[in-house]
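Read-outs throughout are calculated quantities, based only on the coordinates presented, and are distinct from any laboratory measurement. None of the values given here were measured: they were computed from a predicted structure. With ideal geometry, Cβ positions are generated from the backbone for all residues, glycine too; neighbour counts draw on all protein chains shown.
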Amino acid sequence: MLRFFIVGALLIIFNQIVGNYDSFKESLDTIKTIISPFIYGFVMAYLLCPVYNGTVRVLYRTLGKRFRNKKRIFSICKLIASVVSVICLIGVVAGLVALIVPQVIESITGILNTLPQRLEQLSAFFSDITAKMENRRMAMRITEIYSQVQTNLVELAQTKLLPGMGTVVTQISTQVLLTLKTIMNVMIGVIACVYMLNSKERFQGQFKKLIMAMLPKEKADSIFDFARHTNRTFGGFINGKIIDSIIIGIICFILMKILGFPYPILISVIIGITNIIPFFGPFIGAIPSAIIILLVSPIYSLYFLILIFVLQQVDGNIIGPAILGNTTGIASFWVLFSIVIGGGLFGFIGMVLGVPVFAIINYYLSLSINRRLEAKGMDSDTISYEDFSKYKIDKEEIR
């Protein structure tokens, strides 16, 4: 009876969500805006956990032998670990800003300075082509098309861009206010991060206490196993991808410096950050980077694309597997599938977290299927259900 009641209640809730989707989405956006500082804090605390745990472990091992009041020493260790974690966070952010901002300013300035020259070179290129063409009618036609494009660009600037400057200024002002609000939320998130780091054991204990009180021991243990597996999958994947991306960014910077590419710091940071996205990351970072280099030197832009292709092969076949191993346990097709679906639903975050989320779903779905097959006395090995007869191969030979 209780099961039917729960199913009925869920159907009613689902019907209300579908029937009032716009208001429901607006409510979700409001809730997300309110709790965003705690979301930032949770993400920062999760990423800083290895630093915090390692600091507490080393300090307690050192100081615990010299003092009798273990509880007080443990509190001091946690306090120092919190300070070290925040310093690491600030150091990483400040380092990225110090590396990226000057390079961004330099690249924008360089683009603005070289743009007139590039346009003149493009005009001279078209003039040279039309002068060498034997078909004068075709040459005149190309010249007319080029002149028409220039005229359309001028009209676009006069009729669209200049009158719309007021709207642009308004949008810039809105974005500035939004940025300031985001900075404020991040600052609150740092404070929440410190509280979460210092209270994570208490939160874990309260959660386990609640689950043990509400559910039978067997179901409670299954929930704890799920939490441990989820943490292990997410932690292994995210930390591994961060280390992998740092290595790729460093290698990219070294190679660009050796080969004399422009803007090596800016582009290496872009490649490193986008490399966090599995499969598509190197290509997502390579496109804007190649465009930036193209404005300086077209031939270097081509060389850069070749460099990224080679670097991606090295990462995918050597560096990535060595660091990540088989943390997800899913096939390459499902990696691609989870990235596309996650990115389509949740954007950048979905592309990053789609793989570990799908890995967890796949793990428990496979576990449930295997248990049902074993209960029926059937083989749970997938190869037993594959058909290789079209190849005239005995599956036992390749099992």
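General observations
- Proximal charge balance of Leu47 [Cβ under 14 Å; K/R count +1, D/E count -1]: +2
- Peptides ranked, highest mean first, by Cβ atoms within 10 Å: ranges 42-54, 297-309, 216-228: 42-54, 297-309, 216-228
- Spacing of the two label points (7 Å from each Cα toward its C-beta) at Leu79 and Lys208, in nm: 2.7
- Spatially proximal lysines relative to Lys390 (Cα-Cα < 30 Å; intrachain offsets below 8 disregarded): Lys376
- Using the Karplus relation 6.51 cos²θ - 1.76 cosθ + 1.60 with θ = phi - 60°, the per-residue 3J(HN,Hα) values for segment 84-99 come to 4, 5, 5, 4, 4, 4, 5, x, 5, 5, 5, x, 5, 4, 5, 7 Hz, with x marking Gly and Pro.
- Computed FRET value (nearest 0.05) for Leu367 with Val340, which takes r as the C-beta separation and R₀ as 30 Å: 0.75
- Packing rank of 59-72, 256-269, where each peptide gets the mean count of other beta carbons within 10 Å, highest leading: 256-269, 59-72
- Compared with the direct C-alpha span, the chain from Thr182 to Ile34 gains 52.1 nm at full extension, assuming 0.36 nm per residue.
- Among the GluC sites (Glu not before Pro) in segment 337-399, those placed in a DSSP loop whose Cβ has at most 16 other Cβ atoms within 10 Å are Glu386.
- Computed 3J(HN,Hα) for segment 285-290, one whole-Hz value per residue from the Karplus formula 6.51 cos²θ - 1.76 cosθ + 1.60 where θ = phi - 60°, is x, 6, 5, x, 5, 5, glycine and proline marked x.
- Computed from backbone phi, the HN-Hα couplings of segment 370-375 come to 5, 5, 5, 5, 5, 5 Hz, rounded to whole numbers (Karplus: 6.51 cos²θ - 1.76 cosθ + 1.60, θ = phi - 60°; Gly and Pro given as x).
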